[in-house]
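Before any comments, here is the structure.
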Amino acid sequence: MVATAVGVDVPDEMKSRIPVVLLACGSFNPITNMHLRLFEVARDHLHQTGMYQVIGGIISPVNDNYKKKDLVAARHRVAMVQLALQTSDWIRVDPWESEQPQWIETVKVLRHHHRELLRSLPQTEGRNQGKAVSRVPAAVPELKLLCGADILKTFQTPGLWKDEHIQEIVEKFGLVCVGRAGYDSKGYISGSAILQRYQHNIHLAREPVQNEISATYIRRALSQGHSVKYLLPDAVITYIKDHNLYTRFNNDFTSEESSIPERENFFWEELLSTAQE
């Protein structure tokens, strides 16, 4: 076994692979079993390429100031993700985005976590010209944005994303897109000059088990008093009940509508489930 840059042990046969951390941005309103499932699908896909070793995953709930309709307060969404990840040994929640004074674009979230990865790298001893002993950084993990394949389609919507942000995401970081029925991922790539140029850094993963459950459906079911067991982790269901979330009488929402003029942050219940908002 060898230790990766973030302290996770991997088999010896993986040590020559490129270490990768997956980052998912979204509302997680609430987090569902399908959100967690997509991390597993993406990890399997990257491992099967023979080039990568996924050493970690990060879930970054969106800031309250996105002010999306029915978006419960970030403190609840972060807490629910923490509970959902109790059984995961490689994915964690990071509250940084949700704790900022204002909503920030996805590319800035990627920049932040990339800086954090660099800062967390252990130093290894190396010889300088066979004489002086110096400290050199361990292998730098790649940070890739995990999203639904339909994010590729939103890249084509005028005014939705800045071209320079799209280019930075696919050139500097890369995408792992999980496919869904009715979306032509390869077609979206071929229809975009930027995506075509960096298609080597866009990984298309296929979810063999299609699921039409969305967070929108979950919220609707909860508001009607219906069971959502087996759709959410049990600990999350308990938290929702204990805090009276997503009921008709709960007012712990951030706002009725978004005040962000340019939609550049994306929500997993819209982009990763097979049923859109």
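The values are calculated or read from the model by the stated rules, or taken from the named source; none is laboratory data. Not measured: the values here are computed from a predicted model. Note that we place each Cβ from the backbone using ideal geometry, even for glycine, and neighbour counts take in every protein chain shown. With ligands, DNA and RNA removed, areas are computed over all heavy atoms of the protein, side chains included. Shrake-Rupley method; radii C 1.70, N 1.55, O 1.52, S 1.80 Å.
Numerical summary
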{"quantity": "Selection count where residues are open to solvent by 20 Å² or more (accessible area, probe 1.4 Å), touching a residue at least 60 places away in the same chain (Cβ under 8 Å) and assigned to a helix (DSSP H, G or I), scope region 160-171", "calculated": "1"}
{"quantity": "Single residue of region 212-234 satisfying the filter (part of a loop (DSSP other than H, G, I, E, B) and open to solvent by 50 Å² or more (accessible area, probe 1.4 Å)) that is modelled with the lowest pLDDT", "calculated": "212"}
{"quantity": "Strands (runs of 3 or more DSSP E) enclosed by region 23-128 - at least 2 residues per element that are open to solvent by 10 Å² or more (accessible area, probe 1.4 Å) and within 17 Å of residue 146 (Cβ to Cβ)", "calculated": "52-61, 91-93"}
{"quantity": "Pair list, Cβ < 8 Å and 6+ apart or interchain, from region 105-124 residues that are free of Cβ contacts under 8 Å to residues at least 40 places away in the same chain to residues that are open to solvent by less than 20 Å² (accessible area, probe 1.4 Å)", "calculated": "112/97"}
{"quantity": "Residues satisfying the stated conditions in region 184-194, i.e. open to solvent by 50 Å² or more (accessible area, probe 1.4 Å) and of a type in the set (Ser, Thr, Tyr)", "calculated": "190"}
{"quantity": "Only listed residue being modelled with pLDDT of 95 or more and either over 25 Å from residue 202 (Cβ atoms) or of a type outside the set (A, V, I, L, M) (or both), chosen from 121, 85", "calculated": "85"}
{"quantity": "Index of the failed condition, residue 107 passing every other in (1) at pLDDT below 85; (2) touching a helix residue (DSSP H, G or I) at 6+ places or on another chain (Cβ under 7 Å)", "calculated": "(1)"}
{"quantity": "Near pairs, Cβ below 6 angstrom, 6+ apart or cross-chain, from region 57-72 (hydroxyl-bearing (Ser, Thr, Tyr)) to any residue that is at pLDDT 90 or above", "calculated": "60/25; 60/94; 60/97; 60/109; 66/103"}
{"quantity": "Hey, residue 143 out of contact with any Lys or Arg (no Cβ under 6 Å at 6 or more places or on another chain) and surrounded by 13 or more Cβ atoms within 10 Å (Cβ to Cβ) or not", "calculated": "yes"}
{"quantity": "Single residue of 245, 204 found to be modelled with pLDDT of 95 or more and under 23 Å from residue 67 (Cβ atoms)", "calculated": "245"}
